[in-house]
Amino acid sequence: MVRRCHFPSVTQHLYVLFLAERAVKRESSLPSYAAAFTDFNGFSAWIKSEADPANWNDWRHDAARSFNAASFERFCVKAKNELRGKLDSAGPKAALLYPLLPAARRFSLNLPPDQISLVD
């Protein structure tokens with residue numbers, strides 16, 4: 001049986017890209033969502049500023065987000081749950097990626113920096 005896995009939404013993409021960028025820069029894991037929302041707000045504004053102004057199909061036009069601690073936690077929980085749902089729909093092998101996603105008291109990807117490749 002072939003399973004279908006949809007591409008991530010802008011929300012999910014931002015969530016994972018923020019964590020991947022932090023990991024590549026060897027920045028420490030954050031202990032909570034509340035400790036990350038200011039950094040995330042700056043990151044999402046930077047991503048939006050990188051959008052091609054002539055290309056309205058560029059996903060980065062929809063990237064700017066602004067959160068307080070409570071709304072950022074809701075954003076992160078929703079993004080993580082949506083990603084888990086997509087992993088579930090992709091089949092049992094994709095579910096092996098669950099431990100790589102953020103967990104309680106660890107807002108980071110559980111991957112060493114040399115296992116992450118960011119492509120522009």
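The values are calculated or read from the model by the stated rules, or taken from the named source; none is laboratory data. Just so you know, these numbers come straight off a predicted model, no measurement behind them. Note that we place each Cβ from the backbone using ideal geometry, even for glycine, and neighbour counts take in every protein chain shown.
List of remarks:
- Qualifying residue in region 53-66 (condition: of a type outside the set (V, I, T), modelled with pLDDT of 90 or more, loosely packed, with under 13 Cβ neighbours inside 10 Å and part of a helix (DSSP H, G or I)): no
- Cβ-Cβ under 6 Å pairs, at least 6 apart or on other chains, region 13-34 side within 21 Å of A64 (Cβ to Cβ), far side in a loop (DSSP other than H, G, I, E, B) and of a type outside the set (G, A, S): L19/L109; A20/I116
- Per the conditions (1) touching a helix residue (DSSP H, G or I) at 6+ places or on another chain (Cβ under 7 Å); (2) assigned to a helix (DSSP H, G or I); (3) of a type outside the set (D, E), the sole criterion not satisfied by L19 is (1).
- Residue that is modelled with the highest pLDDT [pool: residues in region 67-120 that are in contact with an Asp or Glu (Cβ under 8 Å, 6 or more places away or on another chain) and in a helix (DSSP H, G or I)]: A94
- Qualifying residue in region 67-81 (condition: surrounded by fewer than 13 Cβ atoms within 10 Å (Cβ to Cβ) and basic (K, R)): yes
- Subset of region 1-34 [over 20 Å from N81 (Cβ atoms) and modelled with pLDDT of 90 or more]: E21, R22, A23, V24, K25, R26, E27
- Number of the condition not met by D62 [criteria: (1) acidic (D, E); (2) farther than 17 Å from V119 by Cβ; (3) without any contact (Cβ under 8 Å) to a residue 24 or more places away in the chain]: (3)
- Within region 85-110, the only residue that satisfies the criterion of being of a type in the set (G, A, S), closer than 17 Å to S29 by Cα and in contact (Cβ under 8 Å) with a residue 40 or more places away in the chain is S108.
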